[in-house]
4 protein chains.
Amino acid sequence: MTHARMSVAELETFLNREFPQAFSHGDIAIESADGRTSLLRQRYSDRMLRPGGTVSGPTLMALADFAMYVVLLSAIGPVALAVTTNLNINFLRKGQPGQDVVAVARLLKLGKRLAVGEVSLLSGTSPDPIAHVTSTYSIPMT
Amino acid sequence: MTHARMSVAELETFLNREFPQAFSHGDIAIESADGRTSLLRQRYSDRMLRPGGTVSGPTLMALADFAMYVVLLSAIGPVALAVTTNLNINFLRKGQPGQDVVAVARLLKLGKRLAVGEVSLLSGTSPDPIAHVTSTYSIPMT
Amino acid sequence: MTHARMSVAELETFLNREFPQAFSHGDIAIESADGRTSLLRQRYSDRMLRPGGTVSGPTLMALADFAMYVVLLSAIGPVALAVTTNLNINFLRKGQPGQDVVAVARLLKLGKRLAVGEVSLLSGTSPDPIAHVTSTYSIPMT
Amino acid sequence: MTHARMSVAELETFLNREFPQAFSHGDIAIESADGRTSLLRQRYSDRMLRPGGTVSGPTLMALADFAMYVVLLSAIGPVALAVTTNLNINFLRKGQPGQDVVAVARLLKLGKRLAVGEVSLLSGTSPDPIAHVTSTYSIPMT
């Protein structure tokens, strides 16, 4: 049984059309999205680092926000106007040099007006998250 | 293998001595604590409700903060002076009337100076959390 | 010019009726509320302390949440069903022993569905806040 | 009387050397920094927008984080290794098309180990913030 209203292929088509600047660099891949969780991978690039070799905060925040949007779309279908209202991030540890960043998002609540979720951000194959995010999306009334 | 530096019995003795006003009402029980996670149960009482029958925000925040302290103590041993520096809570749904509240806390990071964790707050036997917390404790230098 | 839809006297009457357990102990006073800001004072009591003499986190969270509710009511009128959806608190420093706690709340946004505000919590006459809160209320559709 | 340990010119030299990728595009200017507050301006660019014409979340988070770092440096002097541990952002309203974004940061606490501040993000000349941030920096021991 699946809860997804959009397949990964449908999500990619929608996001390429609606959010070309966020998605079409080709460095973020949607590995899965099932209406409750999503798994995204951002390919390693020097651009994601800040001095000292850690993954920059804005890179992690942007990926987490995007992973939450993907799981929300997979749950409610193509709604371009959902907007983030709150995002809270805890930075936990340095990532591994030269590794991809993986975001695992999970919906905690899907209401009519608000969706809340959490995202773990992982570096390479380590199970210890480098950052943890909770965020809220406001869903437009239809 | 266990990671706990204190058993549940040792935690209860310590908390009864150091935090009598938070702990000694007898309405909160530590069901487990293993150095990585803790599970606490607050017995239902009318005092925990606000009008409309929902569990009050301060009740949930206090229980979550306490569950984080318990998992931290179980990881590092009896340190009375650890203090919360940040707590973020998302209120997700109403609880079930007349039910206990259960807190499941998990350490996301245990550093020398800071510990970060998340807590899911559950009502009765429903798997859907009524609230979700992330918080940070500052650990005194020794 | 005032922006308030309810006077302080009207707020007190409403809150005594709707939230007797939060408000009617007589230890919290609404000093002002003008549709944009509110100022509340919680009279010192030993019950608000945790060991070490600091004001307990739940006391501060409860007062901040209440101050946000008061400024929201003063802005939109008596809406009993507004609920907190998110609260983020940073604990900054110890309070002064034996002093009242003062909450200064300010609306950052008043939308149709969501209100966001910040609250500074002060101890005695010191200008340095002991804690800082941001929170979001969800406003029911009418 | 000033509390600043570094002048704006010293801050710019330090940041150009230590954080060239964040700072040297020339689109962010430090307008002031006095050890308690900082004011930064990010010049309008199409790159900061997301579809619908709103300023993107990552742009706002990055600017707020940077403004907090600038006020912290101005308070404690050149410490390259301070790192953000927590950032909480509330998105409040759309910005004005084609306008600069201004960040006003203010330290709430400057401790030996942790600094906490808040940042208001403004669009053009409107006094109503488009987003509000609180964040914590961990300061390395010396």
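The values are calculated or read from the model by the stated rules, or taken from the named source; none is laboratory data. The structure presented is a predicted model; accordingly, all values stated were derived computationally and were not measured. All Cβ positions, glycine included, derive from the backbone under ideal geometry; neighbour counts span all protein chains shown. Keep in mind that these areas ignore ligands, DNA and RNA; they rest on the heavy atoms of the full protein, side chains included. Shrake-Rupley method; radii C 1.70, N 1.55, O 1.52, S 1.80 Å.
Okay, residues lined up against (1) touching a strand residue (DSSP E or B) at 6+ places or on another chain (Cβ under 9 Å); (2) of a type in the set (S, T, N, Q); (3) within 20 Å of A:I89 (Cβ to Cβ):
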position	(1), (2), (3)
B:L73	yes, no, no
B:V79	no, no, no
B:N88	yes, yes, yes
B:R93	yes, no, no
B:L108	yes, no, yes
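All but one of (1) in contact (Cβ under 8 Å) with a residue 40 or more places away in the chain; (2) surrounded by fewer than 21 Cβ atoms within 10 Å (Cβ to Cβ); (3) of a type in the set (G, A, S) hold for D:A103; which doesn't?
Tallying (1) in contact (Cβ under 8 Å) with a residue 40 or more places away in the chain; (2) surrounded by fewer than 21 Cβ atoms within 10 Å (Cβ to Cβ); (3) of a type in the set (G, A, S), D:A103 fails exactly one: (2).
Consider D:D128 against the criteria (1) open to solvent by 30 Å² or more (accessible area, probe 1.4 Å); (2) within 14 Å of chain A (Cβ to nearest Cβ); (3) out of contact with any helix residue (DSSP H, G or I) (no Cβ under 8 Å at 6 or more places or on another chain): it satisfies all of them except one. Which criterion is unmet?
Result: D:D128 passes all but (2).
So A:L40 ticks every box in (1) open to solvent by 20 Å² or more (accessible area, probe 1.4 Å); (2) in contact with a strand residue (DSSP E or B) (Cβ under 8 Å, 6 or more places away or on another chain); (3) among the aliphatic types (A, V, I, L, M) but one. Which box is left unticked?
With respect to (1) open to solvent by 20 Å² or more (accessible area, probe 1.4 Å); (2) in contact with a strand residue (DSSP E or B) (Cβ under 8 Å, 6 or more places away or on another chain); (3) among the aliphatic types (A, V, I, L, M), A:L40 is out only on (1).
A quick yes/no check of all residues on (1) charged (D, E, K, R); (2) at pLDDT 95 or above; (3) under 19 Å from D:A33 (Cβ atoms):
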{"position": "D:R47", "(1), (2), (3)": "yes, no, no"}
{"position": "D:G53", "(1), (2), (3)": "no, no, no"}
{"position": "D:P58", "(1), (2), (3)": "no, no, no"}
{"position": "D:A62", "(1), (2), (3)": "no, no, yes"}
{"position": "D:V70", "(1), (2), (3)": "no, yes, yes"}
{"position": "D:P78", "(1), (2), (3)": "no, no, yes"}
{"position": "D:T85", "(1), (2), (3)": "no, yes, no"}
{"position": "D:N88", "(1), (2), (3)": "no, yes, no"}
{"position": "D:K94", "(1), (2), (3)": "yes, no, no"}
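For the stretch A:1-101, which strands (runs of 3 or more DSSP E) that fit wholly inside it have 2 or more residues that are within 14 Å of another protein chain (Cβ to nearest Cβ)?
Working: elements: A:28-33, A:37-42, A:83-91.
Of the strands (runs of 3 or more DSSP E) lying wholly inside the stretch A:1-101, those with at least 2 residues that are within 14 Å of another protein chain (Cβ to nearest Cβ) span A:83-91.
Scan the stretch C:106-142 for residues that are of a type outside the set (S, T, Y), part of a strand (DSSP E or B) and without any contact (Cβ under 8 Å) to a residue 24 or more places away in the chain and jot them down.
Restricting attention to the stretch C:106-142, the residues satisfying the condition of being of a type outside the set (S, T, Y) are C:106-119, C:121-122, C:124, C:127-133, C:139-141.
Going one step further and asking which of them are part of a strand (DSSP E or B), we end up with C:106-110, C:114-119, C:121-122, C:131-133.
Listed by number, the residues that qualify are C:K109, C:V116, C:E118, C:L122.
Could you list all residues from the stretch C:36-56 that are among the small types (G, A, S) and touching a residue at least 60 places away in the same chain (Cβ under 8 Å)?
Step one: filter the stretch C:36-56 for residues among the small types (G, A, S), giving C:38, C:45, C:52-53, C:56.
Once the filter is applied, which keeps residues that are among the small types (G, A, S) and touching a residue at least 60 places away in the same chain (Cβ under 8 Å), the stretch C:36-56 yields only C:S38.
For A:F19, indicate whether it is without any contact (Cβ under 8 Å) to a residue 12 or more places away in the chain and either in contact with an Asp or Glu (Cβ under 7 Å, 6 or more places away or on another chain) or open to solvent by less than 20 Å² (accessible area, probe 1.4 Å) (or both). Break it down into steps so the answer makes sense when it comes.
Numbers: without any contact (Cβ under 8 Å) to a residue 12 or more places away in the chain: yes; either in contact with an Asp or Glu (Cβ under 7 Å, 6 or more places away or on another chain) or open to solvent by less than 20 Å² (accessible area, probe 1.4 Å) (or both): yes.
Yes.
Looking at the stretch D:100-124, which of its residues are more than 26 Å from D:G77 (Cβ to Cβ) and in contact with a Phe, Trp or Tyr (Cβ under 6 Å, 6 or more places away or on another chain)?
Result: D:D100, single match.
So is B:S123 surrounded by 17 or more Cβ atoms within 10 Å (Cβ to Cβ), touching an Asp or Glu at 6+ places or on another chain (Cβ under 7 Å) and more than 13 Å from chain C (Cβ to nearest Cβ) or not? Can you show your working first?
On the way: surrounded by 17 or more Cβ atoms within 10 Å (Cβ to Cβ): yes; touching an Asp or Glu at 6+ places or on another chain (Cβ under 7 Å): no; more than 13 Å from chain C (Cβ to nearest Cβ): yes.
No, not satisfied.
Please pick out the residue among D:P51, D:P97 that is over 18 Å from A:I89 (Cβ atoms), surrounded by fewer than 22 Cβ atoms within 10 Å (Cβ to Cβ) and in contact with an Asp or Glu (Cβ under 8 Å, 6 or more places away or on another chain). Step through it out loud before you land on a result.
Working: D:P97 fails: in contact with an Asp or Glu (Cβ under 8 Å, 6 or more places away or on another chain).
Unique residue meeting the criteria: D:P51.
Residues of the stretch D:131-142 being over 14 Å from the mean Cα position of the chain (by Cα) and open to solvent by less than 10 Å² (accessible area, probe 1.4 Å), which ones?
Of the residues in the stretch D:131-142, the ones over 14 Å from the mean Cα position of the chain (by Cα) are D:138-142.
Those that are over 14 Å from the mean Cα position of the chain (by Cα) and open to solvent by less than 10 Å² (accessible area, probe 1.4 Å): none in the stretch D:131-142.
Among what's in the stretch D:106-120 and is more than 11 Å from chain C (Cβ to nearest Cβ) and of a type outside the set (V, I, T), pick the residue that is surrounded by the fewest Cβ atoms within 10 Å (Cβ to Cβ).
Step one: filter the stretch D:106-120 for residues more than 11 Å from chain C (Cβ to nearest Cβ), giving D:112-113, D:119.
Restricting the remaining residues to those that are of a type outside the set (V, I, T) gives D:112-113.
Details: D:K112: 10, D:R113: 14.
Taking the candidates together, the pick is D:K112.
Based on this model, can you work out whether A:T13 counts as out of contact with any strand residue (DSSP E or B) (no Cβ under 6 Å at 6 or more places or on another chain), open to solvent by 60 Å² or more (accessible area, probe 1.4 Å) and either free of Cβ contacts under 8 Å to residues at least 40 places away in the same chain or within 29 Å of D:L81 (Cβ to Cβ) (or both)? Let's see the steps before the verdict.
On the way: out of contact with any strand residue (DSSP E or B) (no Cβ under 6 Å at 6 or more places or on another chain): yes; open to solvent by 60 Å² or more (accessible area, probe 1.4 Å): yes; either free of Cβ contacts under 8 Å to residues at least 40 places away in the same chain or within 29 Å of D:L81 (Cβ to Cβ) (or both): yes.
Yes; evaluated as a whole, the condition is true for this residue.
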